[in-house]
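Peer 1: Just passing along the structure, written as structure tokens.
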Amino acid sequence: MSQTLNSPVPETLADDDVQAIDHLRDVNARLRKELARVIVGQHTVIERLAICLFARGHALLMGVPGLAKTLLVSKLAETMSLRFSRIQFTPDLMPMDITGTDILQDAANGRREFQFVHGPVFANIVLADEINRAPPKTQAAMLEAMQENRVTVVGKPFPLEPPFLVLATQNPVEQEGTYPLPEAQLDRFMFLIELDYPSEAEEVQIARTTTGDALPRLDHLLTPADVIRHQNLVRRVPVPDHIYAFAARLVRKTRPAGASAPAWLKPLVAWGAGPRAVQYLILGAKARAALAGSYMVRLEDVQEVAAPVLTHRVITTFTAQSEGIDARQIVHRLLEETNAEK
């Protein structure tokens, strides 16, 4: 390894930040314990949702119906004292249905004036359910909210109050009559979080938990101001130079036209990940390190966030699809090869 990759970390944490990371680690442990009162299993999903929240990234949730996606997201918002909103996307959903619109109302002076009525996107955590069922114009309105943290209605911008997190779901089973998200919009999501069926023991526990009394109300562990303060803290977590180099090297290998791409990948991948993937690898690793109480990003932090960051950014070819090879397998193999080069 070159001298550059072995160079020391240029920044260190202040004493106040060290104490703040210790506090965030304790909050993360309490968050998991609190969510476990109503959510059975899904430990990896909970960890990745927390990473997205504190890294200021959005997530795409992929899973069949009935896996408690809405319950999980709403309870996460409850523990953080954040406003939660759910939008059911349908083919007839219009942009104003999510952003809001001007309504003509009577004013105090006897005249009629337009007053803006906020739509459901004005929340801290927005669950965009089955986002691929809405037409492209409505998807574009969500894209502006995700990227700019604001919406534009009748030419006027309206800022969204931070913290702001979009969690969009897609049903992988039924794709008839849907509008697949374009690659440019997929790239706006920090993570692709896949939910699988619970184990047999977990399914028994789900039946016990959900068929008795009403679900308990969860404790509020943080305020919105606390969340913003921890988001700023995550940005200050130090990253060694060799971690930056590892992340860039891994992403560059996903690009079939690049010199770094291995020969086996070129016939399988049509498009690889862009520079935003490197940014999200680092931000995800920073958030994971802070949530674990680490004062510096470690290589395993990048390795753990590689799959959710890269899987939806690697577009496979027909050759790969015909051979039953998906993006998840490609990313796994690339990660193994890049680890071996350390």
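Peer 1: What residue, among those in the range 209-244 that are in a loop (DSSP other than H, G, I, E, B), β-branched (Val, Ile, Thr) and under 28 Å from ASN124 (Cα atoms), is modelled with the highest pLDDT? Write out each step before concluding.
Peer 2: Keep residues of the range 209-244 that are in a loop (DSSP other than H, G, I, E, B), which gives 211-223, 236-240.
Subsequent filtering for residues that are β-branched (Val, Ile, Thr) retains 211, 223, 237, 239.
Still in the running and under 28 Å from ASN124 (Cα atoms): 223, 237.
Details: THR223: 90, VAL237: 94.
Selected residue: VAL237.
Peer 1: Looking only at the range 248-261, filter to residues that are within 12 Å of LEU334 (Cα to Cα) and not charged (D, E, K, R); which one of those is nearest to the chain's Cα centre (by Cα)? Quick ask: steps written out before the conclusion?
Peer 2: Initial filter on the range 248-261 (within 12 Å of LEU334 (Cα to Cα)): 249-255, 260-261.
If we keep only those that are not charged (D, E, K, R) as well, we get 250-251, 254, 260-261.
Numbers: LEU250: 20, VAL251: 18, THR254: 21, SER260: 28, ALA261: 27 Å.
Taking the candidates together, the pick is VAL251.
Peer 1: So, in the range 300-326, how many residues would count as being of a type outside the set (Phe, Trp, Tyr), assigned to a helix (DSSP H, G or I), more than 18 Å from the chain's Cα centre (by Cα) and farther than 23 Å from HIS230 by Cβ? Step through it out loud before you land on a result.
Peer 2: To start, the set of residues in the range 300-326 that are of a type outside the set (Phe, Trp, Tyr) comprises 300-317, 319-326.
Filter again for assigned to a helix (DSSP H, G or I), leaving 300-313, 319-322.
After this cut, where a residue has to be more than 18 Å from the chain's Cα centre (by Cα) as well, the list is 300, 319-322.
Adding the requirement that they be farther than 23 Å from HIS230 by Cβ leaves 319-322.
Matching residues across the range 300-326 total 4.
Peer 1: Can you name every residue in the range 47-66 that is surrounded by fewer than 20 Cβ atoms within 10 Å (Cβ to Cβ), out of contact with any strand residue (DSSP E or B) (no Cβ under 7 Å at 6 or more places or on another chain) and among the aliphatic types (A, V, I, L, M)?
Peer 2: Answer for the range 47-66, where residues must be surrounded by fewer than 20 Cβ atoms within 10 Å (Cβ to Cβ), out of contact with any strand residue (DSSP E or B) (no Cβ under 7 Å at 6 or more places or on another chain) and among the aliphatic types (A, V, I, L, M): just VAL64.
Peer 1: OK, next. Among the residues of the range 27-54, what is the count of those that are assigned to a helix (DSSP H, G or I) and touching a residue at least 12 places away in the same chain (Cβ under 8 Å)?
Peer 2: Applying the first criterion (assigned to a helix (DSSP H, G or I)) to the range 27-54 yields 27-35, 43-54.
The next check asks that each one be touching a residue at least 12 places away in the same chain (Cβ under 8 Å); those that pass are 27-28, 30-32, 34-35, 45-54.
Residues meeting the conditions: 17.
Peer 1: Report whether or not LEU250 is in contact (Cβ under 8 Å) with a residue 40 or more places away in the chain, among the aliphatic types (A, V, I, L, M) and closer than 24 Å to GLU78 by Cβ. Write out each step before concluding.
Peer 2: Working: in contact (Cβ under 8 Å) with a residue 40 or more places away in the chain: yes; among the aliphatic types (A, V, I, L, M): yes; closer than 24 Å to GLU78 by Cβ: no.
For LEU250, the condition - in contact (Cβ under 8 Å) with a residue 40 or more places away in the chain, among the aliphatic types (A, V, I, L, M) and closer than 24 Å to GLU78 by Cβ - is not met.
Conditions tested, residue by residue: (1) at pLDDT 90 or above; (2) of a type in the set (S, T, N, Q); (3) over 26 Å from ASP196 (Cβ atoms); (4) under 22 Å from the mean Cα position of the chain (by Cα).
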residue: MET62; (1), (2), (3), (4): no, no, no, yes
residue: ILE98; (1), (2), (3), (4): no, no, yes, yes
residue: ALA107; (1), (2), (3), (4): no, no, yes, no
residue: ILE125; (1), (2), (3), (4): yes, no, no, yes
residue: ARG150; (1), (2), (3), (4): no, no, yes, yes
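Peer 1: Continuing with this model, one more query. Contact list please: Cβ distance under 6 Å, first residue in the range 75-91 and free of Cβ contacts under 8 Å to residues at least 60 places away in the same chain, second residue in a strand (DSSP E or B) and among the β-branched types (Val, Ile, Thr), pairs at least six apart or on different chains.
Peer 2: ALA77/ILE125; PHE84/ILE125; SER85/VAL126
Peer 1: From the list ALA184, ALA168, which one is within 19 Å of LEU61 (Cα to Cα) and surrounded by 11 or more Cβ atoms within 10 Å (Cβ to Cβ)? Walk me through how you get there before you give the answer.
Peer 2: Numbers: ALA184 fails: surrounded by 11 or more Cβ atoms within 10 Å (Cβ to Cβ).
One residue alone meets the criteria, ALA168.
The values are calculated or read from the model by the stated rules, or taken from the named source; none is laboratory data. All figures in this text were calculated on a predicted structure; none of them were measured in a lab. A quick note on method: Cβ atoms are made from the backbone with ideal geometry, for glycine too, and the neighbour counts reach across all protein chains shown.
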